[in-house]
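Data first, discussion second: the structure below is written as structure tokens.
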Amino acid sequence: MVGRRCFILGDEREPAEGEEMTTKRPGEFEPPKPTTAAEREARKAFRQVDAEKAMTEHEVAQKAFSNNRERLKAERLAREAAGTPGRDDES
């Protein structure tokens with residue numbers, strides 16, 4: 001490999017032993033491989049499943065938040081009705 005240069009991130013040098021020679025220059029890229037119809041369909045199916053899973057997780061989180069908020073509100077109203085001082089009243 002005498003006289004051939006190795007271009008890695010703009011480093012122009014002789015390739016080391018066992019190192020492959022690359023012909024790409026900095027800024028060059030390899031165009032993406034075209035996807036097949038089967039790959040597109042698979043991606044579409046996975047996206048739908050992921051979206052449904054995310055929506056379900058969001059709904060569960062919203063329900064837990066709402067239940068907790070209602071529980072805390074009921075506790076606060078019960079304290080106020082009983083006249084027991086709460087956190088804000090302890091000065």
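The values are calculated or read from the model by the stated rules, or taken from the named source; none is laboratory data. Here the structure is a predicted model, which is why all the values come from computation and not from measurement. When we count neighbours, we look across all protein chains shown, and the Cβ atoms used for this are built from the backbone with ideal geometry, even at glycine.
So the values come out like this:
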item	result
Filter pass, ALA37 being modelled with pLDDT of 65 or more and within 25 Å of the chain's Cα centre (by Cα)	no
Of all residues in region 74-91 being in a loop (DSSP other than H, G, I, E, B) and of a type outside the set (Val, Ile, Thr), the one that is modelled with the highest pLDDT	GLY83
Candidate set from region 1-34 (those that are part of a loop (DSSP other than H, G, I, E, B) and surrounded by 10 or more Cβ atoms within 10 Å (Cβ to Cβ)); member that is modelled with the highest pLDDT	LYS24
